[in-house]
Amino acid sequence: MTLSPRNTLSLSRADRQLAAVLRLCALLAVVVVLLILLFLFGESWPILSHVPVWRFLSDDSWHPGQALYDMSPMLTATVLSSAGALLLAVPLGIASALFSSYYASPGLAAVYRRLIELLAGIPSVVYGFWGLTTLAPLLGQWHPPGVSLLSATLVLALMVLPTVALTAEAALLAVPQHYYRCAAALGLSRWSSLVGVVLPAARTGIIAGALLAAARAIGETMAVLMVAGNVVQMPHSLFDSVRTLTANIALEMAYAMGDHRAALFVSGLALMVLVLALVGLADAYKGQAAHD
Amino acid sequence: MNPFLLDSELPADPNSAEAQQNAYTLGPIQAGPACCEPTPLISVEALSLSYAGKPALSDISLDIYQGCITALIGPSGCGKTSFLSALNRLTDLIPGCRVSGRIHYKSRDIHATGQDVQGLRRDIGMIFQKPTPFPLSIRRNIELPLREHGMRHAADLEQRVQQVLQDVGLWAEVKDRLDAPAQALSGGQQQRLCIARALALQPKVLLMDEPCSALDPLSSGVVEDLIQSLRGRYTVVIVTHNLAQARRIANYAGFFWVGEQAGCLVEFGRCRQIFETPRHELTAAYVNGARG
């Protein structure tokens with residue numbers, strides 16, 4: 001006989017009521033996600049029905065008024081700024097987690113952790129303010145115009161750093177203390193114990209955190225809009241102004257009509273697909289790691 | 001010359017009859033000097049140990065003899081594991097742990113300032129109750145500490161991995177899947193891998209903290225045979241709750257008991273004497289199963 005809550009526990013009345021409420025909540029969450037997808041499809045249908053999908057990547061430019069819908073510069077900007085942000089934030093975040101869980105004294109680690117949590121709680125628009133008034137002018141002195149792919153990447157990196165640091169620390173704490181003791185008993189130094197044993201053991205959690213951070217970076221709108229310069233162009237260097245997909249939606253939604261409006265919903269759909277792909281990747285990775 | 005290689009590590013012929021044997025066979029462990037020449041290798045004098053001010057061990061003095069198996073017996077909570085950890089300074093990892101008294105190894109006090117702790121732990125290895133293969137491949141598990149201690153050449157590493165896996169009788173079972181994850185091995189195999197990992201560093205002393213208690217009787221027997229075979233070449237200190245096992249394998253035995261405040265050593269002597277003609281009535285009661 002297989003064991004399941006159904007034949008090992010007889011549910012009391014209160015349990016049954018709770019189960020019903022929980023089931024309803026779970027159903028609600030699923031329905032909301034499905035409805036959002038449906039809504040995105042519905043709103044983008046007016047254009048998808050007569051413009052083939054490949055034109056969104058191969059048109060000559062983004063001029064929705066003239067029925068030109070090339071989103072590839074904006075898609076590139078989104079992907080590049082998010083990837084760059086991860087490239088900076090992941091090593092720093094892991095280093096930060098290692099510092100607070102294995103190198104700092106308990107008192108210092110507690111203060112440090114509070115600071116990182118505070119960093120996580122700063123509203124994105126405040127990061128945007130800082131980027132606009134401090135970072136971009138500074139970069140502008142070095143290489144004008146300042147508002148660029150580079151400034152967007154840096155601000156995004158700062159924003160997702162706490163996400164990476166906190167999830168990496170949680171993953172490190174979940175590694176049994178025993179591994180570290182065992183590594184020390186083999187005469188490994190602290191650094192080699194961490195790199196050789198503890199980090200590989202925490203790998204799954206760290207990667208899951210990085211993907212979460214990636215999803216956050218892709219979806220970020222306000223801060224990027226304030227520092228990226230918002231010129232629709234394929235970036236040729238880090239110092240070029242760019243416009244991300246999210247910024248494009250925020251900038252044009254107010255006056256978009258007809259096919260233009262529907263095209264913006266298509267870009268929203270593209271973002272959603274990008275994030276779903278990331279989540280799928282994370283799941284596939286976790287599944288694979290579980291079989292290791 | 002590679003300082004790691006011994007005469008016994010001449011390349012073994014993989015097609016020899018010995019290597020073809022599929023059953024549990026011990027590899028060519030070098031015969032050591034006859035055991036029980038009572039030459040002290042480690043001398044413990046008046047060792048006391050406390051955790052955050054709470055005493056755990058008080059005033060332990062005993063000698064660990066070279067090439068012999070010394071069993072430490074006694075009820076749980078009497079400080080046997082703490083005693084073992086003090087012998088290779090793993091107590092350093094526990095916050096608030098204070099050790100006083102002297103432990104002489106190679107004619108110096110291992111708790112003296114300036115002691116090379118990594119080198120000490122390389123000389124005095126430790127096996128834990130719970131088999132703890134790192135989340136790496138079987139091969140990497142053994143190579144990691146070797147690399148840390150300066151062995152770089154692939155051929156040397158390869159040879160040492162094979163050597164120690166033969167020593168613990170695991171070679172025939174895993175030679176075709178050295179790059180498979182170590183955590184996929186069975187409990188008994190994992191524990192033998194941990195012993196192989198410790199042996200790879202060519203320690204002088206092996207500390208074993210209930211190495212068989214997490215294993216099924218069959219695997220436990222295999223590991224016990226293995227420990228027997230280490231006699232002579234290595235000095236073994238083993239904590240065990242299995243009195244019959246202690247009696248079977250040990251040359252010397254120490255009986256620990258919970259004293260008025262902390263654990264203390266009641267009696268230490270030749271294994272036979274402890275089990276057959278104990279001097280102390282507590283020992284007699286414990287080994288005969290009347291107490292504890």
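Read-outs: derived from the displayed coordinates by stated rules, not from any lab. Remember, it's a predicted structure, so these values are computed and weren't measured experimentally. Here the Cβ positions follow ideal geometry from the backbone for every residue, glycine too, while neighbour counts run over all protein chains shown.
For A:ARG55, put the label point 7 Å out on the Cα→Cβ axis and report which residues of the stretch A:224-257 keep their amide N under 18 Å from it. From the stretch A:224-257, the list is A:257.
Any idea how far the Cα center of the stretch A:148-162 sits from the one of the stretch B:196-253, in Å? Here the answer is 55 Å between Cα centres. Remark: A:HIS50, B:HIS104 ranked as A:HIS50, B:HIS104, counting other beta-carbon atoms within 10 Å and listing the fewest first.
Shown for B:CYS68, B:CYS194: other C-beta atoms within 10 Å of each C-beta, ranked fewest to most, produce the order B:CYS68, B:CYS194. Measuring r between the beta carbons of A:ALA104 and B:VAL117 and using R0 = 22 Å, the FRET efficiency lands at 0.60. In chain B, helices alone account for a calculated mean residue ellipticity at 222 nm of -9000 deg cm²/dmol, with every DSSP H run of four or more residues adding -39,500 (n - 2.57). Projected over all directions and averaged, the alpha-carbon convex hull of the stretch A:29-143 occupies 12.6 nm².
Between A:VAL231 and B:ASP176, the modelled label-to-label distance comes to 6.4 nm, taking each label 7 Å out from Cα in the direction of the beta carbon. Taking other C-beta atoms within 10 Å as the exposure proxy, A:SER151, B:SER82 rank B:SER82, A:SER151 from fewest upward.
Each residue, A:HIS63 and A:TYR112, gets one label point 7 Å from its Cα in the Cβ direction; the gap between the two is 5.5 nm.
As a quick test, which of the pairs B:LYS54/B:LYS130; B:LYS80/B:LYS175; A:LYS286/B:LYS80 have an alpha carbon distance above 31 angstrom in this structure? Over 31 Å Cα-Cα: B:LYS80/B:LYS175; A:LYS286/B:LYS80.
Between A:MET253 and B:VAL258, the C-beta separation translates, for a Förster distance of 56 Å, into a calculated FRET efficiency of about 0.15.
Bridging of B:LYS106 to aspartates and glutamates at a Cα separation below 14 Å is possible for B:ASP63, B:ASP116, B:ASP123, once same-chain residues fewer than 8 apart are set aside. I'd like the distance between the alpha-carbon centres of the stretch B:83-142 and the stretch A:197-217, rounded to an integer number of Å. Here the two parts' Cα centres lie 31 Å apart. For the stretch A:269-283, putting each phi into the Karplus relation 6.51 cos²θ - 1.76 cosθ + 1.60 with θ = phi - 60° gives couplings of 4, 4, 4, 4, 5, 4, 5, 4, 4, 4, 4, x, 4, 4, 5 Hz, in residue order, rounded to whole numbers and with x for Gly and Pro. Between the amide H of B:SER48 and those of B:ASP59, B:ILE60, B:SER100, B:GLY101, distances stay under 5 Å, these residues lying 5 or more places away or on another chain, with hydrogens modeled in the peptide plane. From helices alone, chain A scores -23500 deg cm²/dmol at 222 nm; the rule is -39500 (n - 2.57) for each run of n ≥ 4 DSSP H residues, then divide by the residue total.
Per residue of B:197-209, other chain Cβ atoms within 10 Å of the residue Cβ number 1 on average. Scanning chain B for trypsin sites (Lys or Arg not before Pro) in DSSP loops with at most 15 neighbouring Cβ atoms within 10 Å leaves B:153-278 as the longest stretch between them. Projecting label points 7 angstrom from Cα along Cα→Cβ for B:LYS54 and A:ARG23 puts them 4.8 nm apart.
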